[in-house]
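One structure is given here, and the rest of the page talks about it.
The values are calculated or read from the model by the stated rules, or taken from the named source; none is laboratory data. If you're wondering where the values come from, they're calculated on a predicted model, not measured in any experiment. Neighbour counts are summed over all protein chains in view; Cβ atoms, including those assigned to glycine, are modelled from backbone coordinates with ideal geometry.
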Amino acid sequence: MPKYQYTDFRKSLWSVILIFILLIVGSLVVWLTRPQPVIPKSIQKKAAFTIYIPGSDNKIDRSSIGYNSSNGVLIFTANENDNAYTFSEQGIPDAFHDSDQIYPALLSKLHEYSEIQTFLGAVALTKPSELNGLQSAVIKTSDTLMFIKVKKNISDDSWKSFISSLEKAS
């Protein structure tokens, strides 16, 4: 076998090995830098309801994300415009299906003062006694009951804008 053929074979082999290593390293970099879901998949699998989160302009404090398996409640905090929004989301309680009077009674107990229309439907704005004058929003979708309380009160238009930023977690 002539020497030049063996040298060409070695160069070709090293070229193939180098390309293979570059493909592995490139794949690993892509896999490690892929966007992670805001709400961990492990929590999303446990939740028996649609999870809503603020859009990308709102910063969710990942350390605030918690899920209580015993009562099926997801809690997290998002920050926007120097305000904190604390979410509490759960499936619609069975009692809500049994009586049409329970949800309005809840809103009355929470001191509903306004209602705004959004893509999620009617959003009740409340000032629960427990929050000492601070606002909260109550949203009931087909399968999710959501409470959002704020650190500082905002206008109805600001609520509407914030609620319109919500999207399903992915």
Given the criterion surrounded by 12 or more Cβ atoms within 10 Å (Cβ to Cβ), over 21 Å from residue 165 (Cα atoms) and touching a residue at least 12 places away in the same chain (Cβ under 8 Å), identify the matching residue among 38, 73.
73
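Mind listing whichever residues of region 54-87 are within 18 Å of residue 146 (Cβ to Cβ), part of a strand (DSSP E or B) and out of contact with any Ser or Thr (no Cβ under 9 Å at 6 or more places or on another chain)? I'd like the intermediate steps shown before the answer.
Going through region 54-87, the residues within 18 Å of residue 146 (Cβ to Cβ) turn out to be 54-55, 58, 60-61, 64-68, 71-80, 83-87.
Subset that is part of a strand (DSSP E or B): 54, 60-61, 64-68, 73-80, 83-87.
The answer is 66, 68, 79.
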Spot the failing condition for residue 22; the list is (1) at pLDDT below 90; (2) in the same structural domain as residue 124 (by TED's automatic domain parsing); (3) over 26 Å from residue 115 (Cβ atoms); (4) not in a strand (DSSP E or B), and only one is missed.
(2)
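Residue by residue, here is whether (1) touching a residue at least 24 places away in the same chain (Cβ under 8 Å); (2) in the same structural domain as residue 46 (by TED's automatic domain parsing); (3) exposed (fewer than 14 other Cβ atoms within 10 Å of the Cβ) holds:
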residue: 118; (1), (2), (3): yes, yes, no
residue: 126; (1), (2), (3): no, yes, no
residue: 137; (1), (2), (3): yes, yes, no
residue: 140; (1), (2), (3): yes, yes, no
residue: 146; (1), (2), (3): yes, yes, no
residue: 150; (1), (2), (3): yes, yes, no
residue: 154; (1), (2), (3): yes, yes, no
residue: 157; (1), (2), (3): no, yes, yes
From the set of residues in region 105-123 that are in a strand (DSSP E or B) and more than 24 Å from the chain's Cα centre (by Cα), which is farthest from residue 142 (Cα to Cα)?
113
